[in-house]
Amino acid sequence: MLAMIARVNRLQAQEIEPQPGETIYGIVEFDGARVYVGPDFAYRVLGELRLNTSVVVLGRRGDFIYSWDGRQWLQIDFQGDTGWVYARLIRTSIPFNNIPPTGRPLPRNDDGRVPEDFDLTDNVCDGWSGAFTQTGDFMAGDLAITVTYPPLAGANAYSVIVIAPSGARTAHDSTTTTAVIELDHLGVIEIGTYTWRVAPYWTNSTYRYEWQQVCLLQTGGYFQVPGGRQPRPTRDPYFYYYRTPMPTLTPPPFVP
C-alpha cells in the first residue's frame, strides 16, 4: 500500500514541473506557523505567519514519500530575507518534490543533538562561501589536479565529487580544504568535460558511510583529460567510486 502511494506521488509530481523563472507560491494553512533561519527545528525562530498568508517559495529540503515526518521544509521569502517553514504548514502551487532543493538537514550526534561546532543563530550553509581553485592540467601531462574550496564552520570532512560526461562519479575525500584528483583514480576516461563539485560533512565516526552531509554540493570547476585509456566496465552512472584512501578522522570526545 505504501509503495502504491509513493508511486502515485511520483506520477503526480511528474505532471507539474516548474517552468524556468516561474514563481512558486504557498498558502499558510496553520495560524502561527513558525519561520526559522534554517531548515531544522533546532534553528533560531525568525517570526510567525498568519493563517492564509501568501508566501513565495524559494526551495525545499527533503522529499515527500507518503507522509510528513519532520524532514520536509520550505524555504520562503520572509520580510525581505529568506526563512524556512515546516512544509506540512504550507500548501504549495506545485507538488513538494518538484520544488528545487536548496537545503540539507543538520547533522546529529549519537544522542540526537546538533554538534556544538555549529552556530544555529543563522543558516549554517549561508556561511559556506569563498573561492574555489584548481591547479594542474591533465591535458598538459599532469597526473594530478589539486583543488581547494572554502571551509565551513563545524564541518570536519569534505568530499570532492568528480562527474564524468556520462554522469559516472568518483569521490575524492579530505579532512582539509584541499583535495587531490589523480588521473589514475578517475577510472573511466571519457571525451568531454568533467565537473568537480564539493560537499562538506560532519562525522564522529571513522566509517565513511556514517558521514553526514551538511550542505548541498557546490560546483568548483571543470577540466578535461586525454583520451586513449582503458575504460572501466559500465555501471550505474550514480554509483560513487571511492578511489582515494579514506581520510583518518579522530572522533571528538563524547559529551553527554
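No value in this document is a laboratory result; all are computed from the given coordinates. All values reported here derive from a predicted model rather than from experimental measurement. For neighbour counting, all protein chains shown are included, and Cβ atoms are generated from backbone atoms with ideal geometry for every residue, glycine included.
Below, the figures for the structure above:
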item	result
Order of Ile94, Ile181, Ile27 under a 10 Å beta carbon neighbour criterion, fewest first	Ile27, Ile94, Ile181
Calculated P(r) of the stretch 124-242 - Cα pairs past 16 Å, %	60
Which of Ile189, Gly127, Trp202, positive extreme of dipole for the stretch 124-242 (C-beta unit charges)	Ile189
Amide proton proximity set for Val214, modelled H, under 5 Å, gap of 5+	Tyr201, Trp202
Order of Ser174, Ser93 under a 10 Å beta carbon neighbour criterion, fewest first	Ser93, Ser174
Counted charge near Leu217, where neighbours are those whose Cβ lies closer than 15 Å (Asp, Glu -1; Lys, Arg +1)	+3
Neighbour-count ranking [beta-carbon atoms within 10 angstrom, fewest first] of His172, His185	His185, His172
Net charge dipole size for the stretch 124-242 [Lys, Arg +1 and Asp, Glu -1 on Cβ; Debye, nearest 20]	200
Inter-centroid distance (Cα atoms) of the stretch 100-119 relative to the stretch 155-183, Å	22
